[in-house]
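Derivation of every value follows stated rules applied to the coordinates shown; laboratory data play no part. Since the model is a prediction, treat every value here as computed from it, not as a measurement. Cβ coordinates were reconstructed from backbone atoms using ideal geometry, including for glycine residues, and neighbour counts include every protein chain displayed.
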Ligand code: SF4
């Protein structure tokens, strides 16, 4: 099977298995999604969704967050982990929004990555999810790992993986492809366990996972419904 054929099979299966896949952070505006995505580094979406109502209740705008008292902000962000660094980051991002874009979240990757703490993944999350702009494919740690195991890429660099996936996946599917791969990686092809026998990719996947002693196969855990 060529890589193009493999990508077509993977894309089709993701669509069938996760037709409603979407990014799981809650938000009410592009600004909120931008900040929530920065906070989601090294934390679960569930944990961030518990914190953001408090955060945006106290500091609802870029100006308010840029002016927030550092200590008070850190206290609110403690549950997200790395709270000192994250408090500083979201203040800097908010300042950048004010200084560079008049407080509005820009709508291109090139503009978004000028902001503190914003790489391509975060830019794509905001554009795909908040603006419905298919700017690229979200490549987080799950997409990175699963793409390699399936055989869609040989690299570990997220930006390079995105560049390789984009010509392989139809543009109309970019927005859904990333979140669907995240679900596959979160529940079926996890960092520690591969459940190949119950995976929709079983017959097409190249199964390039690490040696058996590092990855347990086919445990009885099942995906939550
Ligand atoms: S078939 Fe196995 S290795 Fe391939 S994506 Fe599914 S769980 Fe991962």
* Per-bin percent of Cα-Cα distances, segment 79-164 [5 Å] -> 3, 14, 19, 19, 18, 15, 7, 3, 1
* Structure fact -> In degrees, nearest 10, the alpha-carbon axis of helix 30-39 is tilted away from the dominant principal axis of the alpha carbons of the chain by 70 degrees
* To do: With everything on Cα atoms, drop me the angle between helix 45-58 and the longest principal axis of the chain, reported from 0 to 90° to the nearest 10.
  => 10 degrees
* Asked: Where in segment 33-74 does the label zone of residue 99 land, with the point 7 angstrom along Cα→C-beta and an amide N cut-off under 16 Å?
  -> 62-68
* If the convex hull is drawn through the Cα atoms of the chain, its volume per residue in Å³ -> 124 Å³
* Residue order, fewest to most surrounding Cβ atoms within 10 angstrom, among 141, 2 -> 2, 141
* Helical mean residue ellipticity (222 nm; -39500 (n - 2.57) per DSSP H run of 4+; nearest 500) of the chain -> -15000 deg cm²/dmol
* Asked: How far is helix 141-150 tilted, in degrees, relative to the longest principal axis of the Cα atoms in the chain, given as a value from 0 to 90 rounded to the nearest 10?
  -> 10 degrees
* log₁₀ I(q)/I(0) of segment 133-180 at q = 0.16 Å⁻¹, via Debye over equal Cα point scatterers, no solvent, to two decimals? -> -0.35
* segment 19-100 - Rg and Dmax from Cα coordinates, angstrom -> 12.1, 42
